[in-house]
Amino acid sequence: VEEVSGRLDEAQKTADGWGPISQDPNLADQHAHNVRKFREGLAELQRGVDDVNDQAARFSAHNVPLTPANSAKLHDLNNRWKNLETAVNDRWRQVASRSREVTPLTPAQLASSVSPPWERATTSNKVPYYINHDQESTHWDHPIMMDLLDSMNEFNHIKFSAYRTATKLRMLQKKLSLDLAKLQMATDVFDEHGLRGQNDRLIDVGDMVVVLSALYANISADHPEVNTTLAIDLCLNWLLNVYDSQRTGQMRVLSFKIGLVCLCCGHLEEKYRYMFRLIADPNRLVDQRKLGLLLHDCVQVPRQLGEVAAFGGSNIEPSVRSCFTKAGKDRETIEAVHFLAWVQQEPQSLVWLAVLHRVAASENIQHQVKCNICKAYPIVGLRYRCLKCLSFDMCQRCFFDGRSGKSHKITHPMR
Ligand SMILES: [Zn+2]
Ligand SMILES: [Zn+2]
């Protein structure tokens, strides 16, 4: 508590030192940059505050009451954190509105995401569809999305469903350039567009384009090579496939956020914390219905790739029950600490997300060992070691294919 409190003081001092915002757009850009950096630093402070609260929750779960002094300290810490968060958010809104305005893509710009013989058209509720004038056919999917879904079939040889799904999602994530979108970037864009606390509302395609335009403007600021028009159109296509397959032109704000958060880049635990905050009530508690909504939206991501059977199917009821059972007997609500303890065990409905993060993190790592099956050296990506055979290493490709060796059997446990 003391340590977090000290860091909170430091941060508050910086925030207190903020002067008026310049009218000069260049200086306003500079202000915006500083506040963004500051907010990124706050993510760590938020973890500290969450940890302290988790600790306190664990004590009370074991019937160890906090001393009145400690309880007052914790209360004070949470209040100060909330004030700082509000101050920083206000500051952010001010500087963001003064610095370069992000203009959402116009329909004419979006139309340029395809070239002849293709044409991009929209329904009366602004849902895009694509016409091939050579073949006189129409499709909900962008031609590049069709190619992408097609080329994912090359991963069907992967034996383990969590790895197969994660590998497909990794390909999708890169195609949409969402691997370049930081979690904080995405959540900032949601907040700036008034989506905070609006999770039960519906968002229509027009507003989705506005939010995605802002998100991809942030991405291209760091990565000018990204073709944002195409990426926005593909991302919209994907979100509609996942959450609005009937093309009504609307989806829940919660779904929109969950989809983007699943595929953006960031720490898995921070993603889970953010997801929990999305569904938590003002007392930081979540009931079964809310957890069900969250898991339902998560599971739609693999479902869209036809990969839902291995993750418990579309019925998330058993998953919700397992989380609440783990939290304790007869609980009507859970706290963040219960949810995090449960997801850490990689429950069936979410294991694909954990594996996606592992696959992404290990992608460029080289291990100076040879694969005992295919003899590849060095092993790039995930490295698997048999827990039964002596110094038996396998590359991720051989492991995914479920290959076995002379003495090594597929039933051997691997690490
Ligand atoms: Zn190999
Ligand atoms: Zn073995």
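What the table below lists for this structure:
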{"item": "Most mobile of Leu240, Leu74, Leu180 in a GNM of the chain (Cα contacts under 10 Å)", "result": "Leu74"}
{"item": "Arg252 accessible area, 1.4 Å probe, all protein chains in place, Å² to nearest 10", "result": "60 Å²"}
{"item": "Descending principal axes extents, the stretch 2-98, alpha-carbon based, whole Å", "result": "56, 18, 18"}
{"item": "The stretch 1-70-the stretch 311-376 distance, computed between alpha-carbon centres (Å)", "result": "29 Å"}
{"item": "Selected from Val308, Val64, Val127 as most flexible by GNM, with the chain as the system and alpha-carbon contacts under 10 Å", "result": "Val64"}
{"item": "For the stretch 245-353, accessible area per residue (1.4 Å probe, heavy atoms of protein chains only), Å²", "result": "42 Å²"}
{"item": "Farthest positive-ward along the stretch 2-98 dipole, Cα basis, beta-carbon charges - from Gly6, Pro68, Val35", "result": "Val35"}
{"item": "Surface accessible to a 1.4 Å probe, His139 within the full protein complex, Å²", "result": "50 Å²"}
{"item": "Probe 1.4 Å, all protein chains present, accessible-area order of Ile316, Ile158, largest first", "result": "Ile316, Ile158"}
{"item": "Accessible area (Å², 1.4 Å probe, nearest 10) - Ser137", "result": "30 Å²"}
{"item": "Gyration tensor verdict on the chain (Cα atoms; rounded if a/c is under 1.5, prolate if a/b is larger than b/c, oblate otherwise)", "result": "oblate"}
{"item": "Among His62, His157, His367: highest mean-square fluctuation, GNM of the chain, C-alpha pairs under 10 Å", "result": "His62"}
{"item": "J(HN,Hα) series, the stretch 43-49, from Karplus relation 6.51 cos²θ - 1.76 cosθ + 1.60, nearest Hz, glycine and proline x", "result": "4, 5, 4, 4, 4, x, 5"}
{"item": "Most to least accessible of Trp140, Trp352 (protein chains only, probe 1.4 Å)", "result": "Trp140, Trp352"}
{"item": "Per-residue ³J(HN,Hα) for the stretch 117-123, Karplus 6.51 cos²θ - 1.76 cosθ + 1.60, θ = phi - 60°, Hz, x for Gly and Pro", "result": "x, 8, 9, 9, 10, 10, 7"}
{"item": "Farthest positive-ward along the chain dipole, Cα basis, beta-carbon charges - from Asn372, Val211, Tyr384", "result": "Asn372"}
{"item": "Rounded if a/c under 1.5, otherwise prolate or oblate - the stretch 62-173, Cα gyration tensor axes", "result": "oblate"}
{"item": "Three-way shape label, the stretch 143-360, alpha-carbon gyration tensor, a/c 1.5", "result": "oblate"}
{"item": "Exposure ranking of Phe190, Phe155 by accessible area [1.4 Å probe, largest first]", "result": "Phe155, Phe190"}
{"item": "Accessible area (Å², per residue) of the stretch 364-415, counting only protein heavy atoms and a probe of 1.4 Å", "result": "64 Å²"}
{"item": "Extension reserve of the Arg331-Ala121 stretch, reckoned as 0.36 nm per residue once the Cα distance is removed", "result": "70.6 nm"}
{"item": "The stretch 286-355 - Rg and Dmax from Cα coordinates, angstrom", "result": "11.7, 36"}
{"item": "Total charge dipole magnitude, the stretch 143-360, about the Cα centre, Cβ charges on Lys, Arg, Asp, Glu only, Debye to nearest 20", "result": "620 debye"}
{"item": "Cα centroid separation - the stretch 246-306 against the stretch 207-229, whole Å", "result": "22 Å"}
{"item": "Segment Thr229-Thr106, extension gain: residue separation times 0.36 nm, minus the distance between their alpha carbons", "result": "43.3 nm"}
{"item": "Rg over Rh, two decimals, the stretch 187-226 (C-alpha only, Kirkwood Rh)", "result": "1.04"}
{"item": "The stretch 236-336 - convex hull of alpha carbons, volume per residue in Å³", "result": "112 Å³"}
{"item": "Heavy-atom surface of the stretch 2-98, accessible at 1.4 Å and reported per residue (Å²)", "result": "60 Å²"}
{"item": "Rounded percent of accessible protein surface that carbon and sulfur make up, the chain, 1.4 Å probe", "result": "50 percent"}
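The values are calculated or read from the model by the stated rules, or taken from the named source; none is laboratory data. Predicted, not measured: the structure shown is a model, and the values here were computed from it. Because the Cβ atoms are built from the backbone with ideal geometry, glycine has one as well, and the counts that use them run over all protein chains shown. Each accessible area value is taken on the protein alone, full model and side chains, heavy atoms only, with ligands, DNA and RNA left out. Shrake-Rupley method; radii C 1.70, N 1.55, O 1.52, S 1.80 Å.
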